[in-house]
Amino acid sequence: MQKELHTGIELAVALIRQGDLPSLFREATSQVERLFAVDHCWLLELEHSGRALRCEALAAVSSIEATFDCRDFSHPFAHVLQQGQPRELSRDAGYRLDHPGFQALLEASGKADALWLQPVCAESGKVLGILVMCHRTAVWPGIVSQPLFQGVLTLLAFQWAAELQRNDQVWQRRLLKRSLDQLHSSEAIRSRSEQLATTLVGGSVGMADLRAQVIRAAGSQLSVLIQGETGCGKDLVAKGLHQFSNRADGPFVVVNCAAIPDSLLENELFGHTKGAFSGADRAKQGLLAQADGGTLFLDEIGDMPMSLQSKLLRVLETRQFRPLGAQQEQHSDFRLVAATHQPLQACIRDGGFRRDLFYRLNQVPLTVTPLRERSDDLEPLCRHFIRQYQQREGQGPMGISSQALRVLAGHPFPGNVRELRNVVEFACLQTPAGDDIQPETLWLDPLAVVEPDRAEAGQATAVVVAPGVPPTRDIDNLREASQAFEAAVITERLRHYNGNRAQAAESLGLPKRTLAHKCQKYNVSEAG
């Protein structure tokens, strides 16, 4: 009696010390084999769904199918679970033992002649699993009747149920934490999106989605490629990415790749040392170095020359660069944001843009929807521009009339938000302080039309034919009229060459960079 008590205490200590279910199962089966001299012993765990039994130990040491469907009565485990009673089996008992998995288990047991299937139940009566014992002869009555065996079952069931409860509590805590984290994350995105709405203005679904994407992207260090038509606000998206990133206190360096001549762009980016070339009487820090610790915004990246694209790719991969004339490389820790109005995939096919650079830039793609596809944003944008005018000028109209908004809603706005801002600010100038903007003060391009073939297809892509030069009798500002005429000529020539800047510039006798500058200055659309 004293010996059994001592053995029971040792057994209890051994089981209680196990910190997880696999360890508990290994210790319990090992103790049963040792204490009761059975050949093999396994524990089959009932899955949480109650639909299957699984034995990890059996799967680990053999190729046996270690999962048994509880609804499949071709193996005896299903009967034991259904009845909640132990069952003795023998190879010659005539019991149907043709289930492949059960046959494999018999093979793993060394083709034992006798098996005992003992359900392990929690104190509540819930079945936790099945203890399988295998032996050469049927010795089960002498084993299962022992108080020590019953004590092993009771202690195993208690520890098993306790571990399941702990796991369930841990799972619930993790689930609660995940839910709270998601809630806090959603709330943070919502709150920051509201802040961003003061600059990325618009109440449409598209703009709300864009703001949320900007906030999410701002939290990473991945490169961002912003695509969208000219004048749709890609620069504001880039500023938002910087403002809400952990680099907000660092510099925000802007490079307009279309406005800087090819021969100067590399020098602007990389800088140079004193004496690097004729006229370099002092060293110059490049924009890459200036962006260290902040954000580098490469606007109109599609206009970057091919020779510089390969150098930029290497900089993005290593964050190392060498100023012109320098012997050693420098390091710059910047986050890259690029933007373009050009379809880069088409440029890649035409050989004008490197495919590998595109993939390096396009880690986080963002697309800004043109204004004509988000008419819900017209009114908030108009009110936003009116407030800006009031703050800048100290006075201005109170708002905009519904009739004026209807007129704006019928305009395709080929120049997008930039064009709308110009229209609203001109209307502010024509409207007495304190009044609302009326339709007659809106100077809209009467020749801005929608391509018929695209309109029929349901696409509202606009083409501006001319900036609307007023008749000579209405001209009261020769300089503005001259600029309008110049813009009309450029627009017509771009449309003639299907938006190809190089061909349009050549036909007008202008350098490509000069043409790009004039397009930006006059808000000329290149969609034609």
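The values are calculated or read from the model by the stated rules, or taken from the named source; none is laboratory data. What you are looking at is a predicted structure, and each value in this text was computed from that prediction instead of being measured. All Cβ positions, even for glycine, are placed from backbone atoms using ideal geometry, and neighbour counts span all protein chains on display. Heads up: the accessible areas ignore ligands, DNA and RNA and are worked out on the full protein's heavy atoms, side chains in. Shrake-Rupley method; radii C 1.70, N 1.55, O 1.52, S 1.80 Å.
The numbered conditions (1) touching a residue at least 40 places away in the same chain (Cβ under 8 Å); (2) touching a helix residue (DSSP H, G or I) at 6+ places or on another chain (Cβ under 6 Å) are all true for Thr367 except (2). Just one of the listed residues (Leu357, Leu308) is within 28 Å of the chain's Cα centre (by Cα) and in contact (Cβ under 8 Å) with a residue 12 or more places away in the chain, namely Leu357. Looking only at residues in segment 272-290 that are touching a His at 6+ places or on another chain (Cβ under 8 Å) and not in a strand (DSSP E or B), the one that is modelled with the highest pLDDT is Gly286. Scanning segment 239-258 for any residue that is open to solvent by 50 Å² or more (accessible area, probe 1.4 Å) and over 22 Å from Thr340 (Cβ atoms) turns up at least one such residue. Whenever a residue of segment 209-223 is more than 11 Å from Gln363 (Cα to Cα), its partners that are among the hydroxyl-bearing types (Ser, Thr, Tyr) and part of a helix (DSSP H, G or I), lying with C-beta atoms within less than 6 angstrom and at least six residues away or across chains, give the pairs Arg211/Ser193; Ala212/Ser193; Ile215/Ser193.
Only a single item in (1) in a helix (DSSP H, G or I); (2) under 25 Å from Arg421 (Cα atoms); (3) open to solvent by 10 Å² or more (accessible area, probe 1.4 Å) is not met by Val201, and it is number (1). Number of residues in segment 262-298 that are touching a strand residue (DSSP E or B) at 6+ places or on another chain (Cβ under 6 Å) and β-branched (Val, Ile, Thr) equals 1. How many residues are over 30 Å from Gly351 (Cα atoms) and exposed (fewer than 14 other Cβ atoms within 10 Å of the Cβ) when one looks only at segment 259-290? So the answer is 8. For residues that are modelled with pLDDT of 85 or more and acidic (Asp, Glu), scanning just segment 416-451, find the one that is nearest to Gln520 (Cα to Cα). My answer is Glu419. Conditions: (1) at pLDDT 85 or above; (2) open to solvent by 20 Å² or more (accessible area, probe 1.4 Å); (3) out of contact with any Gly (no Cβ under 6 Å at 6 or more places or on another chain). Leu24 meets all but one. Number of the miss? Condition (2) is where Leu24 drops out. Within segment 500-512, is even one residue basic (Lys, Arg), open to solvent by 20 Å² or more (accessible area, probe 1.4 Å), within 21 Å of Cys232 (Cα to Cα) and modelled with pLDDT of 80 or more? Yes, segment 500-512 contains at least one residue that is basic (Lys, Arg), open to solvent by 20 Å² or more (accessible area, probe 1.4 Å), within 21 Å of Cys232 (Cα to Cα) and modelled with pLDDT of 80 or more.
In segment 363-385, of all residues being over 12 Å from Leu405 (Cβ atoms) and of a type in the set (A, V, I, L, M), the one that is farthest from the chain's Cα centre (by Cα) corresponds to Leu371. Filter segment 241-263 down to the residues that are in a helix (DSSP H, G or I) and either touching a Lys or Arg at 6+ places or on another chain (Cβ under 6 Å) or not hydrophobic (A, V, I, L, M, F, W, C) (or both) and list them by number. Residues satisfying the conditions are His242, Gln243, Asp262, Ser263. Taken over segment 335-373, the residue count meeting the criterion of being farther than 27 Å from Val417 by Cα and of a type outside the set (Lys, Arg) is 8.
Counting only helices (runs of 4 or more DSSP H) that fall entirely inside segment 76-156 and contain at least 1 residues that are at pLDDT below 85 and surrounded by fewer than 19 Cβ atoms within 10 Å (Cβ to Cβ), the qualifying elements are 77-83, 100-108. Residues in segment 291-346 that are in contact with a Cys (Cβ under 7 Å, 6 or more places away or on another chain) and of a type in the set (Asp, Glu) were compared, and the one that is modelled with the lowest pLDDT is Asp303. Every listed requirement among (1) modelled with pLDDT under 90; (2) closer than 23 Å to Leu515 by Cα; (3) not aliphatic (A, V, I, L, M) is met by Phe353 save one, (1).
Taking (1) modelled with pLDDT of 90 or more; (2) not in a helix (DSSP H, G or I) in turn, Arg211 satisfies each apart from (2).
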